[in-house]
Every structure is written in C-alpha cells, then in structure tokens.
Amino acid sequence: MEKITLLLFFYLFLFKFISGADDCVPASCSPTGPQVRFPFRIRGRQPSHCGFPGFDLSCNKRNRTILHLTSARSYIVNRISYAEQIIYIDPEFCRPKRIDDFHLTGTPFDFSSVRSYKFYNCSLQKSNYMFPTAPLACLDRVNHSVFAVRTGLIPEGETPENCQYMATISVPMRWYGDIRVELELMWFTPFCRPCEIEGRVCGRKDGNGETTCLGSPVGIRRNAKYGLIIGVGVSILICMIAIVCYTATKARDYNQSRHENIDIFSITISPRPNSSTGLDLSTIESYAKTVLGESCRLPADDDSCPICLSDYKPREALRTIPECNHYFHVECIDEWLRLHATCPMCRNSPQKLIFGYTLSSI
C-alpha cells in the first residue's frame, strides 16, 4: 500500500511539473479539429491572456471551430497554419443563400488583396461557353453547374449563353491562385513566424501587448518532455524489478515446498523392497515331489494344503520344501516359489537341490 501511495504522489508531482504554472496549453473543439493556440484562443476554454485581441474562436454545437468577424458573420475554420500565419475558413459557397461579400474591415486579417467574382448557374447541355475556372462541385446538380468568374473577364452587362447570373461577391485572396472551396486569411500582427521556425512558442511578454518567443517547443515543454520520459522509464523499470523479484520469490518457495514434499513422500510412502526374488523353474523342479496313495498319509500328518487350504486327495501330486519338509500342492507351491524364495509356512529359504526324488506311494 505504501508503494502505491508513493507512486501516486510521484505521478502527481510529474503532472504538476509538466503542466507547470502555464495554463495556455493548446486546445481544440474536437479530436479532428484544428489545434488552437496563440494568437488564437477558444472562448470559455482558454484564458484571455492566452490569445491576442481579435483572434477569439469558439465551438458550435457540432464541435466545429468557429471564427467570428466584425460583420457579425461567422465561418467554420478548416485548419490553421501557424508557420505561414494563415487561417483557412469555409466560405459556405455550398449554401447559395449565404453568398454575399466578405467584410474584413476591422479584423486582424489581411484584406489588401480582395477579388470580386460573379457566380453563374449554367445548363451544361446547352451552354457552349468556355469558363476559365472549373465548376464548384458542391453547387453542381444533375442538369447544371455553378461557375465563379473573376469580374472583368466577361464584359459588363453580358451573360454567358444558357447561364443565369446569381451574385457578385468579394473574396479575400492571396496574390497567387484562384477561388477555392476554402478561403485563406493571413495575419501579420502578431508576427510569430520566427518562433514557429525555431520550434518555440509565441506568446505575450509579461502579460502586455508585446509578443516574444517563450523558448519552449509547441505542446509539452522540452524539460517536461525529458522529465516525462525519465519518469515513465523509471516507473517501468521499478515495475519490472518488482515483477522479477516476486516471480523469483514464488519460484523459490515452490521449489522448496516441492523438495520437502518429495522427501516426505520418499520416506513415508516408498514401498519396502523385497528381500529376495522368486526361484527359477529348474530350481523349483529339483524339489522333491510326492504322489499320494489311497491313505493320503504324510510323515508330517498334514491333511490340507497351507496355501489353498484344500484337503489332500488320493493321486494328488505334492511338493516338499527341502530342510523344513513342508508339503504343498505342486500347483500351489510352484506358483508361490516363482514369486518368493521362502517357504510360505516357516519363511525359511530352502537349499537348492540338484537331484529330486519322487515317492510313488506312502
């Protein structure tokens, strides 16, 4: 429990070290949305000192990033290039009712290059006019397409054949290129391009209007990144050492317990070895064999076999164990002597006889 508590305090300290006092961390409206950082900020998610005046963004109900202009119009932000200082917005050309002029006066974005375009709705089956630009695919229909033609290319008052004039709008453009499905708005103040090139963060200097490079890489600071790598590495190393020690302890305890069980088993359960093995057939056949007569009388006055406990009958063959002269049925004693080398009565080991004898009768 103490180890877990110490590890928890370690991670809390590491998180505090990484986050630090700077709360101007990058944010976004959705996992796929553009990253928002200085000079932009998201209202309600990032403090006011994290952005520059006029660069406020917000999130709509669909978690899309929204740019608000002074004309009370708002546009969806597709992406932001901090190195080029360009923000790409959706002009909403695909919603014809929203087509009107873009008013950038009073905004921090450059509007020195503004071009006017006339929009025409043309029937493709009948129109032979060659437009200098490709149609806007988002406004195309089965029987017609919409073209945006730069003002001046078509004489004033004229309309291409089988085309219908829709509207004229002014679009902020860079000095090169033509109208696109997204508009490029550039800003020059604050000028943070040198910081971006060096991989450092641009921000306000001492909370005032001046900007400076803060000397930290985008995202996690360099020293925090090193601290995170070291902290995670040390934690993984400690966990690995703990697992190895735990496994080694369990293996040692298991081997010791198994060794003790084997010793006890060998002492208490191991069978007692036989004192001797049985006799071979030639030795058994060398023992004397007797065939009983009608009287069934034996010198030892035995009237039954000690092995099968059956009474002897006339003409039955008996075998005698040497030395002790105990009689048994031939079948009974032969089977016994194959397994044991002792007499089943007195447990004495008989001497091996080379020659046997047979009594025809008594």
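The values are calculated or read from the model by the stated rules, or taken from the named source; none is laboratory data. A quick note: this is a predicted structure, and the numbers were derived from the prediction, not measured. Using ideal geometry, Cβ is built from the backbone for each residue, glycine included, and neighbour counts are taken over all protein chains shown.
Suppose we filter Lys126, Lys118 for residues that are over 52 Å from the mean Cα position of the chain (by Cα), more than 30 Å from Pro190 (Cα to Cα) and modelled with pLDDT under 75; which single one remains? Break it down stepwise before answering.
Working: Lys118 fails: modelled with pLDDT under 75.
Step by step, each of Lys126, Lys118 is checked, and only Lys126 is over 52 Å from the mean Cα position of the chain (by Cα), more than 30 Å from Pro190 (Cα to Cα) and modelled with pLDDT under 75.
So, in segment 148-169, of the ones that are within 9 Å of Lys118 (Cα to Cα) and polar (S, T, N, Q), which residue ends up nearest to the chain's Cα centre (by Cα)?
Thr168
Could you say whether any residue in segment 211-229 is of a type in the set (Phe, Trp, Tyr), at pLDDT 85 or above and either more than 18 Å from His329 (Cβ to Cβ) or assigned to a helix (DSSP H, G or I) (or both)?
no
Going through segment 61-77 one residue at a time, which ones are over 17 Å from Pro26 (Cβ atoms) and within 34 Å of the chain's Cα centre (by Cα)?
Of everything in segment 61-77, those that are over 17 Å from Pro26 (Cβ atoms) and within 34 Å of the chain's Cα centre (by Cα) turn out to be Lys61, Arg62, Arg64.
Just to be sure before I move on: is Phe111 modelled with pLDDT under 75 and under 27 Å from Phe55 (Cβ atoms) in the structure I sent?
Values: modelled with pLDDT under 75: yes; under 27 Å from Phe55 (Cβ atoms): yes.
Taking the combined requirement at face value, the residue satisfies it.
Please determine whether any residue of segment 58-66 is assigned to a helix (DSSP H, G or I), polar (S, T, N, Q) and either in contact with a His (Cβ under 8 Å, 6 or more places away or on another chain) or surrounded by fewer than 16 Cβ atoms within 10 Å (Cβ to Cβ) (or both).
no
Give the residue that is farthest from Gly203 (Cα to Cα), with candidates limited to residues of segment 35-56 that are in contact (Cβ under 8 Å) with a residue 24 or more places away in the chain and crowded, with 20+ Cβ neighbours inside 10 Å.
Selected residue: Val36.
I want to confirm something. Restricting to segment 75-99 and keeping residues that are under 20 Å from Ile169 (Cα atoms) and exposed (fewer than 13 other Cβ atoms within 10 Å of the Cβ), which single residue is modelled with the highest pLDDT?
Per the criteria, the residue is Arg95.
Answer with yes or no whether Arg272 is surrounded by 10 or more Cβ atoms within 10 Å (Cβ to Cβ) and either modelled with pLDDT under 80 or farther than 30 Å from Leu337 by Cα (or both).
no
Condition check: surrounded by 14 or more Cβ atoms within 10 Å (Cβ to Cβ), of a type in the set (D, E, K, R), more than 16 Å from Asn348 (Cβ to Cβ) and without any contact (Cβ under 8 Å) to a residue 12 or more places away in the chain. Does Glu316 satisfy that?
no
Identify, by number, the condition in (1) under 17 Å from Leu183 (Cβ atoms); (2) assigned to a helix (DSSP H, G or I) that His49 doesn't meet.
Result: His49 passes all but (1).
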